[in-house]
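The values are calculated or read from the model by the stated rules, or taken from the named source; none is laboratory data. Everything quoted here is computed from the prediction, not taken from an experiment. Positions of Cβ are backbone-derived with ideal geometry, glycine not excepted, and every protein chain shown enters the neighbour counts. For the accessible areas, the whole protein counts, side chains as well, though only heavy atoms, and no ligand, DNA or RNA atoms are used. Shrake-Rupley method; radii C 1.70, N 1.55, O 1.52, S 1.80 Å.
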Amino acid sequence: MSLLGGIRPPIAVLSVLLLSLAGITALTLGKPDNALVPKAVLTSQQYVAEDGAIALRASLDESVTDLTGTATLFNEGKPVSADTVLDKVGTVYQKWRGTAVIEIKSGKMLAARGENVPLTAIELGKLSRGDGLSPRMVRLENGQTRLIILALLSWKGRPQQLLVASSTLSFPGVDLGPGRAIGVVDSTGRLLSSHGALDSERARKQLASFAKTAARKGRQHPIKAKEPGAGGYTGVSGHLTGGAAEDVRTVGGYATLTPPRPGEPTTASSLGLTVVTEVDVSAKVSQITRPAFGVAAAGGLLLIGGLAVMVLLGTVQRPLIRLFLESRRLTRGDLARPVSVPRAGEAARVGAALERLRRQLQGEPADAPGPAAAARKGLGARALLAVCAVLLLVWSVPLMLVLNRADSSVKVPAQIVHDQKSRTVTLSDRVRRALNEGHADLSAVAALIGDRTTPEDMKKVLERTMQEHDRYQSMYVLGADGEILARAGDSPHHEDGKAPSKQAIEVTGEGGKKPVVTATAQAPGRGGAAVVGEFRIEFVNALLGRQGMGEVRVVDAKGRVIGGDSGYIAFEKAPSYMTSLLAAKQAKATVQRGGTVRVAAAAPFSGGGAAKSLQWSLASWQPAAGLAIPEYSLQNRTVLAGLLGLTAAAACLGWLHIVVVRPLRALAGQAEALAAGDRKTVLFPRHHDEVGAVVRSLELIRQQLQGQPRKRDGGSRTPAGVGRN
């Protein structure tokens, strides 16, 4: 017999699968969910930490790029005083705690602004080394940490100078929400900076404990730290669970600083820093599952599955095996006993045909009537399989579609709503700052363009700026009369003869496929000329991609969609269910109930800068069904149990239909044709199983019937040698 063929393997596999599924059902649907904190809340803390890591990495990398880029622009122009350098740096970029210019050869301080820069951490004699100008972290006497950024100022005929800036390890624009604390940890587990709700000694100790754990976990390789096939954040991240007090438990998240593109490390991602968060959440045991339900579902499956298996055994397997044994008996020449004919179906047809063939082997003509040739009634094998399928569907379909449904009254943890709001506020500020940074880059270029700057020099500066920043699709210098003096990148969308816009940032392109976001910075030394940069809308959309936020859209003051993290139509209206949140003109989050339960939030641009005039808002929403909260987790497990039952039934019954039922129906036709007198059709078995064995027996019987003496004139011909003396 074939290993996978025959009647026994499908039925045996079906029995094993149903028994296994019954055990799984009893364990998964009957086990109480005693988690103090829903998994969705823990996962949300991981996402908040990832947002903080992304914001910190982007801020530090942007600071390094801005300072080195500004120094390069100064180096290409005429020599200026150290005070002029610091004044322009402070005017364009208002981000550093302290700046200074030092003459490298003598070590003399030429100018300084802001807080004192820790110059003792800089060894001027080692600046010529390969890593001499690399940023470094310095711990001050008061325990705070500063990132020191260095850039060279070099003009022909003048001593080289060192431009130094110090930056804090802060989280620009990160909204912590109520009761959350956040910190930056080095590779040893030491807290370098911390912010947020750290008023109690318990909170400070818990954050320090989380910091050590996060640093240890952060040393893993990103690929090994994730489950196989997991995507999302490219660095190492996760959630943490701390101590509990009464009905409150401290939870947190951690995330290492990772480059935006794998395999392309940045300055900030090379510092070995990890972001860690903590927040107190409500910890209550949720009892939404009933052990009796799992036991009842498992018992129902055993009862229904047992009935289906008994039907298959009694009406398909046993009759087929009986036919197999009867056909072999006939081929061996045992013709004394009548064939045991099954009661119904294809097996009955084959059995009746075998009985007629037995009589024909004894000399009876093919057209002789007999009780064994009478038509058999009853359900066929296909109908029996359909009955078994219906029995199993009676158990599977209610689990998939009816039982344990989470309705619109499902309870969404308050922390999920708070996190959706704070993450939306953080992302809104991230987009605003990115646009402001882009305008600041243009302002830095414009500040160095004078009335004697040639178009060739302008083009070189524009091309270098585009190489350093991938946010632009086109940059150009626009004269007061609307003429483009120099450009780099793609063709501008500017109308010929149109003077530079008075707005710092504006949006055009309505009616087209993509919005055109344009920033304009006036060039003070060029008589009304301006430096214009057109942002890539893909750059804005890339900022919106965040795990666990659902759909994210940038919406203008008229409620039109400007950008999004997934498919959208430019300038289309935002969904109607977001209208009230967007109209509030303040950060707000809510749980929307109805046909679909959603967690939605909206946050307008807040803070200053060139992007403030856009009056944009950020909207985010996600269905609660996608969150790992107990009600939906139970629903998903219930649906999964039903799907497993349906899959087991479809696989095994389909297998049985292909390897047994369909060949059995063909066998019934062949057997009846042979019994009716067809001696010419050669019978070939298709499979080495019970049906194939019956076919082989029929072929042997056909050959025996061909060798019988034929009747002539009502008598039979006597074979040669028979009856002679």
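Summary table
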{"item": "Flag for THR250 being within 12 Å of ALA53 (Cα to Cα), crowded, with 18+ Cβ neighbours inside 10 Å and not basic (Lys, Arg)", "result": "no"}
{"item": "Residue in the range 238-257 that is free of Cβ contacts under 8 Å to residues at least 40 places away in the same chain and closer than 29 Å to ILE148 by Cβ present", "result": "no"}
{"item": "Residue in the range 142-154 that is of a type in the set (Val, Ile, Thr) and out of contact with any Ser or Thr (no Cβ under 7 Å at 6 or more places or on another chain) present", "result": "no"}
{"item": "Number of the exception - GLU468 against (1) closer than 21 Å to GLU437 by Cα; (2) in contact with a Phe, Trp or Tyr (Cβ under 9 Å, 6 or more places away or on another chain); (3) open to solvent by 30 Å² or more (accessible area, probe 1.4 Å)", "result": "(2)"}
{"item": "Qualifying positions in the range 306-348 - touching a Gly at 6+ places or on another chain (Cβ under 8 Å) and of a type in the set (S, T, N, Q)", "result": "THR315, SER340"}
{"item": "Scope the range 555-570; condition open to solvent by less than 30 Å² (accessible area, probe 1.4 Å) and either within 27 Å of the chain's Cα centre (by Cα) or touching a residue at least 24 places away in the same chain (Cβ under 8 Å) (or both); matching residues", "result": "VAL555, ASP556, VAL561, ILE562, GLY563, GLY564, ALA570"}
{"item": "Whichever residue in the range 501-529 is open to solvent by less than 60 Å² (accessible area, probe 1.4 Å) and more than 25 Å from VAL554 (Cβ to Cβ) and, among such residues, is modelled with the lowest pLDDT", "result": "GLY525"}
{"item": "Positions within the range 304-315 being touching a helix residue (DSSP H, G or I) at 6+ places or on another chain (Cβ under 9 Å) and either in a loop (DSSP other than H, G, I, E, B) or open to solvent by 10 Å² or more (accessible area, probe 1.4 Å) (or both), in sequence order", "result": "ILE304, GLY306, LEU307, VAL309, VAL311, LEU313, THR315"}
{"item": "Test: residue in the range 640-654 that is in contact (Cβ under 8 Å) with a residue 40 or more places away in the chain, more than 31 Å from the chain's Cα centre (by Cα) and under 30 Å from GLY306 (Cα atoms)", "result": "yes"}
{"item": "Tally of residues being in contact with a Leu (Cβ under 8 Å, 6 or more places away or on another chain) and in a loop (DSSP other than H, G, I, E, B) across the range 97-129", "result": "5"}
{"item": "Complete set of residues in the range 253-283 that are within 21 Å of ASP175 (Cβ to Cβ) and open to solvent by 50 Å² or more (accessible area, probe 1.4 Å)", "result": "ASP280, SER282"}
{"item": "Complete set of residues in the range 268-303 that are at pLDDT below 85, outside any strand (DSSP E or B) and either of a type in the set (Ser, Thr, Tyr) or touching a Pro at 6+ places or on another chain (Cβ under 7 Å) (or both)", "result": "SER286, GLN287, ILE288, THR289, PRO291"}
{"item": "Qualifying position, being under 24 Å from LEU301 (Cβ atoms) and of a type in the set (S, T, N, Q), among SER633, SER606", "result": "SER633"}
{"item": "PRO338 vs. criteria part of a loop (DSSP other than H, G, I, E, B) and within 30 Å of PRO10 (Cβ to Cβ)", "result": "no"}
{"item": "Residue list for the range 637-671, restricted to those being among the small types (Gly, Ala, Ser) and farther than 30 Å from PRO398 by Cβ", "result": "ALA666, ALA668, GLY669, ALA671"}
{"item": "Test: GLY218 is in contact with a His (Cβ under 8 Å, 6 or more places away or on another chain) and within 28 Å of LYS205 (Cα to Cα)", "result": "no"}
{"item": "Tabulated pairs, the range 58-83, first among the β-branched types (Val, Ile, Thr), second surrounded by fewer than 18 Cβ atoms within 10 Å (Cβ to Cβ) and part of a helix (DSSP H, G or I), C-beta under 9 angstrom, 6+ apart or interchain", "result": "THR65/GLU468; THR68/GLU468; THR72/ARG464; THR72/GLU468"}
{"item": "Looking only at the range 397-424, and only at residues there that are of a type in the set (Lys, Arg) and part of a helix (DSSP H, G or I), the one that is most open to solvent (accessible area, probe 1.4 Å)", "result": "LYS421"}
{"item": "Count of the range 455-494 residues which are within 15 Å of LEU73 (Cα to Cα) and among the β-branched types (Val, Ile, Thr)", "result": "2"}
{"item": "Test: residue in the range 645-666 that is open to solvent by 10 Å² or more (accessible area, probe 1.4 Å), at pLDDT below 85 and of a type in the set (Ser, Thr, Tyr)", "result": "no"}
{"item": "Residue match in the range 481-497 (condition: open to solvent by 20 Å² or more (accessible area, probe 1.4 Å) and part of a helix (DSSP H, G or I))", "result": "no"}
{"item": "Residue match in the range 441-452 (condition: under 30 Å from ALA49 (Cβ atoms), part of a helix (DSSP H, G or I) and either touching a residue at least 40 places away in the same chain (Cβ under 8 Å) or among the hydroxyl-bearing types (Ser, Thr, Tyr) (or both))", "result": "yes"}
{"item": "Residues of the range 86-108 satisfying the condition of being open to solvent by 90 Å² or more (accessible area, probe 1.4 Å) and not basic (Lys, Arg)", "result": "THR91, GLN94"}
{"item": "Options GLY90, GLY130; residue that is free of Cβ contacts under 8 Å to residues at least 40 places away in the same chain and touching a Phe, Trp or Tyr at 6+ places or on another chain (Cβ under 9 Å)", "result": "GLY90"}
{"item": "Filtered residue count, the range 624-644, keeping only those that are under 14 Å from LEU18 (Cα atoms) and buried (at least 20 other Cβ atoms within 10 Å of the Cβ)", "result": "2"}
{"item": "Filtered residues of the range 70-93 (kept if β-branched (Val, Ile, Thr), at pLDDT 80 or above and either closer than 13 Å to ALA165 by Cα or part of a helix (DSSP H, G or I) (or both))", "result": "THR70, THR72, THR84, VAL85, VAL89"}
